[in-house]
Amino acid sequence: GTTLASAAAESGRYFGTAVAANKLSDSTYVGILNREFDMVTAENEMKMDATEPNRGQFTYTNADRIVNHARNQGKRVRGHALAWHSQQPGWMQSMEGSALRQAMLNHVTQVATYYRGKIYAWDVVNEAFADGSTGARRDSNLQRTGNDWIEAAFRAARAADPDAKLCYNDYNTDNWSHAKTQAVYRMVQDFKSRGVPIDCVGFQAHFNSGNPVPSNYHTTLQNFANLGVDVQITELDIEGSGSTQAQQYQGVVQACLAVSRCTGITVWGIRDSDSWRASGTPLLFDSSGNKKAAYTSVLNAL
Ligand code: XIL
């Protein structure tokens, strides 16, 4: 393959990127997007604050710009994200208890129904576990509605869009020995044993020098896959530059390719200048849109 998507397709996988609606008028950006990627995630436009800014009033204008661009170009879409403690609309941030539970489930149902049939996989719940050594759930207004809020969200999503794969998505779950990884693993194991509808686990994969690509990444991905779910790298970026960065990208690609149920990789932006990171050069294209060493190492590893 001569592009990321065509190289990934040789093993039946996809290669995606996060897309921002306001960059769809940037011809350099769109040129790279159209050429290199066959899966798209809205960087912010499908989040709760974007799609339900006022309670019960849903707005899909910016999300639809991304979905329509992707579909017109023959690309698939990962939906991100139906329920999350962050980027909630203001009205939801101040809610609690059963009213919040109902509002969350209504949001999941409305958004998944609106996009029914158009989404390859939904991040149904994002970032619900705490960092550190406890393996506990993250405290949030959603968590305080009851520990079963996650499975309730997954059941609502399944009912609304039965054909979309339903994913749990998180960060710092790459290293098999971390408590957070183990805690998510146990939740997925429990969901599978009780028939809670879950099809995939997303690994955000935001790496930097303090949080490098773990040498046991393949083990993590394989252990999750062995529970009977697909695994996906969903928001990959790696701070650094040059051959060090290129080698780390290669390691992530190799870990995914070694696991048959690792169905694809998404990077969290196209050019370094598109990254959400405040500083650094974490992506595959430089700010002018040129291919970096990291790009070449990913292409060669696919
Ligand atoms: C980030 C976006 O890239 C930023 O533009 C926004 O300001 C904050 O969110 N984990 C996720 C993504 O699941 O939704 C986040 O995206 C990055 C971390």
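The values are calculated or read from the model by the stated rules, or taken from the named source; none is laboratory data. The shown structure was predicted, so the numbers you read here are calculated from the model rather than taken from an experiment. Cβ: placed from backbone, ideal geometry, glycine included. Neighbour counts: every protein chain shown. Only protein heavy atoms, including side chains, enter the accessible area calculation; ligands, DNA and RNA are left aside. Shrake-Rupley method; radii C 1.70, N 1.55, O 1.52, S 1.80 Å.
Any chance region 134-141 includes a residue that's among the β-branched types (V, I, T), out of contact with any strand residue (DSSP E or B) (no Cβ under 6 Å at 6 or more places or on another chain) and open to solvent by 50 Å² or more (accessible area, probe 1.4 Å)?
yes
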So if I check each of S243, S287, S279, S260, which one is surrounded by fewer than 19 Cβ atoms within 10 Å (Cβ to Cβ) and free of Cβ contacts under 8 Å to residues at least 12 places away in the same chain? S279
Take A121 and decide whether it is more than 16 Å from T234 (Cα to Cα) and either of a type in the set (A, V, I, L, M) or within 14 Å of the chain's Cα centre (by Cα) (or both). no
Out of region 11-27, which residues are within 14 Å of the ligand (Cβ to nearest atom) and open to solvent by 50 Å² or more (accessible area, probe 1.4 Å)? N22
Within region 28-56, the residues that are within 17 Å of K291 (Cβ to Cβ) and open to solvent by 30 Å² or more (accessible area, probe 1.4 Å) are T28, G31, N34, R35
Against the definition (basic (K, R) and away from the ligand (no atom under 16 Å from the Cβ)), how does K192 come out, yes or no? yes
Of the residues in region 73-101 that are out of contact with any helix residue (DSSP H, G or I) (no Cβ under 9 Å at 6 or more places or on another chain) and under 17 Å from A121 (Cβ atoms), the one that is nearest to the ligand (Cβ to nearest atom) is H80
List the helices (runs of 4 or more DSSP H) inside region 92-194, counting only whole elements, that have at least 2 residues being closer than 16 Å to A81 by Cβ and not acidic (D, E). 97-114, 149-160
Find the residue count for region 66-103, including only residues that are over 22 Å from T234 (Cα atoms), open to solvent by less than 20 Å² (accessible area, probe 1.4 Å) and of a type in the set (A, V, I, L, M, F, W, C). 3
In region 104-133, how many residues are closer than 21 Å to N72 by Cα, out of contact with any helix residue (DSSP H, G or I) (no Cβ under 6 Å at 6 or more places or on another chain) and of a type in the set (A, V, I, L, M)? 2
Among what's in region 104-120 and is among the hydrophobic types (A, V, I, L, M, F, W, C) and more than 19 Å from N62 (Cα to Cα), pick the residue that is least open to solvent (accessible area, probe 1.4 Å). M104
Six or more apart or on different chains, Cβ under 7 Å: which pairs go from a residue in region 140-160 that's more than 12 Å from L105 (Cβ to Cβ) and without any contact (Cβ under 8 Å) to a residue 60 or more places away in the chain to one that's open to solvent by less than 30 Å² (accessible area, probe 1.4 Å) and part of a helix (DSSP H, G or I)? Could you list them? N141/L100; Q143/W149
Filter result for D174 (open to solvent by less than 10 Å² (accessible area, probe 1.4 Å), closer than 25 Å to E43 by Cβ and of a type in the set (D, E, K, R)): yes
